[in-house]
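Worksheet for the structure shown next.
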Amino acid sequence: MNIKIFDTTLRDGEQAPGFSMNLAEKLELALQLEQLGVDVIEAGFAIASIGDFRAVSEISKIIKNSTVASLARASKQDIDRAYEAVKIARYPRIHTFIATSDIHMKYKLKKNEEEVIKIAREMVKYAKKLCNDVEFSAEDASRTRPEFLYRVLEEVIKAGATVLNIPDTVGYTTPQEFSKLILGIKENVRGVQNVDISVHCHDDLGMAVANSLVALQAGATQIECTVNGVGERAGNAALEEIVMNIHTRKDIYPFTTNINTKEIYRTSKLLSTITGVRVQPNKAIVGENAFAHESGIHQHGVLENKQTYEIITPESIGLTENKLILGKHSGRHAFSERLKTLGFNLDNEKIEETFTAFKALADKKKVVSDRDIEALVMCQTVQVTQTYSLDRFTINSGNTITTTSSIRLKYNEEIIEQVEASYDGPIAASYKAIDVLVGKNFILEDFMINAVTGGIDAQGEVNVRIRNNKGKSYNGHGISLDIVEASILAYISAINTMLDDEKTSN
Ligand code: KIV
Ligand code: ZN
């Protein structure tokens, strides 16, 4: 049995604080999700904003192999907007939902069961007239009275739903209880054998993956999940954990998926680069330590036979460390071959740009590792129009003087320069100077710095999040051997992203 993987990173994931993405970033991630092999990409909630609508429709234009879905509340206005955004997709889907639990119906919807059933039936019928593929979600299904849930589901099947989604909206259920619910649906809902049963589990009690997996055993045929488990509150079931469980424990989960597991690491990394949110080091499958063996006993075992402590191989998720060293003497050919090995299919222009960045790095760093190359590519891929770019900077700093930073930027073709001082060090002084040059003040909401590899000559990777005076936040990324330069580049990149967004939303 082949299980459908429905990815909602761009909708439920993007909804979570700190995970907002701009259009270019959403398109990049959508393409990577297609490369990963997900069956459905939930591209957004089209009615939520103009930006969301545009993202869903642009994703619908470029995705060829996966279904593209937009979320819609059970209302004509929402459904019309969702369809308008996905109609151009090769495989469009409208995903409509209404809450069915007593608590949601009473306090949120202020409607009784009969009213909710009527809305669900009529809105699925309405959506079906526009689009053949209609998914219906009974929000808070796991806290819904089962008999009522069965009735709602039976009605929406009659109205034309092709997928029934059973969300554990608040991450409350347990494996035993959820399994019973899915079995109950299979037993009590007429027509259920003709549609897909989907599950959508949140991780408030850390059970999202376990609940999703038991649902599969009980008969679910679609899993909704997100890359790195991002999503509302504690997040959603992590795609990589679901897929690798199925992949590793075929004896327990006799299923297949269309996921190319070798794309898992790259997808996870791309999301972290875009959002600036790294996964915890001990995160299953994609954490930095997921394949690290520290203790002597473990190392000894692994040296004798990897399977003593390794149940999945790093290669199976696309993590490779090439033994062939790249350095300043490596040519364009060797470099582009390495890009291919690492799974990047870049066009000639992008290869050229990345090669230039690689050469500059190799001039300063003896050995350029695969992680360095990945960081360079990821940083280049998610760049928007470079309205401002760094021409040069000079810092005068010390622990007994006030730091000054002189920043020279290119603004279109013009060179502009500003010197500012700060007691708070070179980054604060530089950001102050940039604010003056751009003529705006930003709130620095988040600043994160990481070393791409170990070693004194490691590249510094900086992610920042700034907020403008309209209350909108933007992420920026910068990478350099010099951490002050990486910090300046990250700040400028966030400003360019904001300017790009302002241009496209006008
Ligand atoms: O968690 C949830 O219930 C949802 C639905 C809208 C599918 O995200
Ligand atoms: Zn959700």
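I'd like the carbon and sulfur percentage of the solvent accessible area for region 388-505, probe radius 1.4 Å, heavy atoms only, ligands and nucleic acids excluded. Working shown, then result.
Numbers: 2740 of 5690 Å².
Ligands and nucleic acids excluded, carbon and sulfur give 48 percent.
Just the accessible area for E420, please: 1.4 Å probe, Å², rounded to the nearest 10?
Number for this one is 40 Å².
Please determine, in degrees from 0 to 90 and to the nearest 10, the orientation of helix 264-275 with respect to the longest principal axis defined by the Cα atoms of the chain, where the helix direction is its Cα long axis.
70
Okay, helix-only estimate at 222 nm for the chain: each DSSP H run of n ≥ 4 adds -39500 (n - 2.57), divide by all residues, round to 500 deg cm²/dmol; what do you get? Before the final figure, lay out the partial values.
Details: 15 runs with 200 residues, N = 506.
Result for the chain: -12500 deg cm²/dmol, rounded to the nearest 500.
What list of whole percents do you get for P(r) of the chain, with Cα-Cα distances grouped in 20 Å bins up to the one holding the largest distance?
Spelled out bin by bin, the chain gives 21, 50, 25, 3 percent.
Applying the Karplus parametrisation 6.51 cos²θ - 1.76 cosθ + 1.60 with θ = phi - 60° to the phi angles of region 52-57, what ³J(HN,Hα) value in whole Hz is obtained for each residue in order, glycine and proline being reported as x?
5, 4, 4, 4, 5, 6
Once you put a point 7 Å from the Cα of K158 and another 7 Å from the Cα of N260, both along the Cβ direction, what distance in nm separates them?
Here the modelled spin labels are 4.5 nm apart.
With angles folded into 0 to 90 degrees, how steeply does helix 146-159 sit against the dominant principal axis of the chain? Use alpha carbons for both and round to 10.
90
Give, as a single signed number, the net charge of other residues whose beta carbon lies under 11 Å from the beta carbon of E177, with Lys and Arg counted +1 and Asp and Glu -1. Each step should come with its number before you reach the end.
Details: positive: R143, K180; negative: D168.
Here the charged neighbours net out to +1.
Please give, to one decimal in nm, the separation of the simple spin-label points placed at I449 and K472, each 7 Å out from Cα toward the Cβ.
3.0
What whole-number value in Å² describes the accessible area per residue of region 388-505 for a 1.4 Å probe? Before the final figure, lay out each step's value.
Numbers: 5690 Å² over 118 residues.
Using a 1.4 Å probe on heavy atoms only, each residue of region 388-505 averages 48 Å².
Ignoring solvent entirely, what values of log10 I(q)/I(0) come out of the Debye formula for region 320-369 at 0.17, 0.27, 0.30 Å⁻¹ when each Cα is a single scatterer?
Result of the Debye calculation: -0.46, -1.13, -1.30.
Accessible area, 1.4 Å probe, largest first: how do D102, D52 sort? Please report the intermediate quantities before stating the final value.
Numbers: D102 90, D52 30 Å².
Output order, biggest surface exposure first: D102, D52.
Sorted by accessible area (1.4 Å probe), largest first, how do T275, T313 line up? Please list the in-between numbers first.
Working: T275 5, T313 65 Å².
The most accessible residue leads, giving T313, T275.
Which order do the peptides 237-248, 390-401 take when ranked by the mean count of other beta-carbon atoms within 10 Å per residue, highest first?
Details: 237-248: 23.6, 390-401: 12.3.
In decreasing order of mean packing, 237-248, 390-401 become 237-248, 390-401.
Kindly write out, for region 341-349 in residue order, the coupling ³J(HN,Hα) from the Karplus curve 6.51 cos²θ - 1.76 cosθ + 1.60 (θ = phi - 60°), rounded to whole Hz, with x marking Gly and Pro.
Ordered by residue, 3J(HN,Hα) equals 4, 7, x, 8, 9, 9, 6, 4, 5 Hz.
Would you mind estimating how fast region 276-356 diffuses translationally, via Stokes-Einstein at 20 °C and 1.002 mPa s with the Kirkwood radius over Cα pairs, in µm²/s?
So the translational diffusion coefficient is about 139 µm²/s.
Skip the ligands, DNA and RNA, and give the accessible area per residue of region 22-160 with a 1.4 Å probe, whole Å². Before the final figure, lay out each step's value.
Details: 5700 Å² over 139 residues.
Ligands and nucleic acids excluded, the result is 41 Å² per residue.
Nearest 10 degrees, 0 to 90: what angle lies between the long axis of helix 239-248 and the longest principal axis of the chain (Cα atoms)?
That works out to roughly 70 degrees.
The values are calculated or read from the model by the stated rules, or taken from the named source; none is laboratory data. If you're wondering where the values come from, they're calculated on a predicted model, not measured in any experiment. Ideal geometry is used to build each Cβ from the backbone, glycine not excepted, and the neighbour counts take in all protein chains shown. We work out accessible area using only protein heavy atoms, side chains counted, and drop any ligands, DNA or RNA first. Shrake-Rupley method; radii C 1.70, N 1.55, O 1.52, S 1.80 Å.
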